[in-house]
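No value in this document is a laboratory result; all are computed from the given coordinates. Fair warning: this is a prediction, and the values are worked out from it, not measured in the lab. Cβ coordinates were reconstructed from backbone atoms using ideal geometry, including for glycine residues, and neighbour counts include every protein chain displayed.
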Amino acid sequence: MSVFNFKPTKSQIEIFEHHVAEILKIDFPEIREALELSSKIYSIQFSKKPSGICLSRAFNEEILRSQKNNFDLYGLKVFNKKRKEYEDITLFFRDNLLSLIEIEKPEKFHKTYDYTKMQIGELKTKPISFENLDTKIARDILKNVSKDKLNQLEIEDAIEIECNDNFYYTILNMENGNYIAVDKNEKVYRLNHEHLEKVKKISNNIDDFFDLYNGSKSNLIELLYKQTKTHSLYGNTN
């Protein structure tokens, strides 16, 4: 391990996650199943309340359909290198995927614990039911949209995405980490993390968007990869 790793890296957390799934494969086979279906972690953040490491990853439609279990898990023990003993840590799972490692001083997780050494203690779970705050925001943005049109969107699975200090709320998951999203002014964008232009406005409002979208995602695929039109001698061709 490099002495310059001042904070845990994404790859270290991925190793930890796989060890968790492996040691729990008998008691919680659904955790390993969800991990096999999921995309890789694309970012980790260090939270203060609760204190811990938050894992973020692109949503997968197959997981959203088949994995609906949210819970805290108690009783998994990880080896504390400083104390030379195994100690309990609390893990939070969303859709059976590890979403939060709740520990003190999360920035020193890799220095405090040997994240490859684990033991099973007295395992207990606490079911978690929560309202998706991002869904609530998306519904508020689209409060004037008819129920029939809302039913053609994926509002219940909305997530907030930040890009260049702007916030977007997903309304359709286009797979592979790409989305159709709205901002708080109801403008509609396509978000493509592999594109040179990651965020591109495609409609000025949701009504205009439904002129493009008929309930089938297939007619939106081209928009995900469409290049920005360039300026010409005759002005902007957009």
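Listing for the model above:
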| quantity | calculated |
| --- | --- |
| Karplus 3J(HN,Hα) series, Hz, for segment 109-124 with 6.51 cos²θ - 1.76 cosθ + 1.60 (x for Gly, Pro) | 3, 6, 8, 7, 10, 8, 6, 9, 10, 9, 9, 9, x, 8, 6, 9 |
| Residues whose placed amide H lies under 5 Å from that of ASN205, excluding near-sequence neighbours | VAL188 |
| Value at 222 nm in deg cm²/dmol, rounded to 500, when DSSP H runs of n ≥ 4 in the chain each add -39,500 (n - 2.57) | -6000 deg cm²/dmol |
| ILE26, ILE161 arranged by Cβ crowding within 10 Å, fewest neighbours leading | ILE26, ILE161 |
| Ranked PHE93, PHE167, criterion: other C-beta atoms within 10 Å, fewest first | PHE167, PHE93 |
| Value of relative contact order over segment 10-127, rounded to a whole percent, pairs C-alpha under 8 Å and six or more apart | 28 |
| Principal axis dimensions, largest first and in whole angstrom, of segment 83-193 by Cα | 58, 31, 23 |
| Cα-based radius of gyration of segment 10-127 once divided by 2.2 N^0.38 Å, which approximates compact folds | 1.00 |
| Alpha-carbon gyration tensor eigenvalues x 5, square-rooted, for the chain, Å | 39, 21, 15 |
| Gain upon complete extension [SER51, SER218; 0.36 nm per residue less C-alpha separation] | 55.9 nm |
| Test item: Cα-centred dipole of segment 133-236, Lys/Arg +1 and Asp/Glu -1 on Cβ, debye | 260 |
| 3J(HN,Hα) from dihedral phi, segment 206-222, Karplus parametrisation 6.51/-1.76/1.60, rounded to Hz, x for glycine, proline | 5, 5, 5, 4, 6, 6, 8, 10, 10, x, 10, 5, 4, 7, 9, 4, 4 |
| Residues in segment 158-179 reached by a label modelled at ASN204 [backbone nitrogen below 18 Å; 7 Å Cα→Cβ] | none |
| Sorted by Cβ density within 10 Å, fewest first, the residues CYS163, CYS54 | CYS163, CYS54 |
| Calculated FRET efficiency for the pair ILE26/ASP183, C-beta based, R₀ 45 Å, to 0.05 | 0.50 |
| At most 13 other Cβ within 10 Å, DSSP loop - GluC sites (Glu not before Pro), segment 75-175 | GLU104, GLU131 |
| With 10 Å bins from 0: P(r) over segment 135-214, alpha-carbon pairs, percent | 19, 59, 21, 1 |
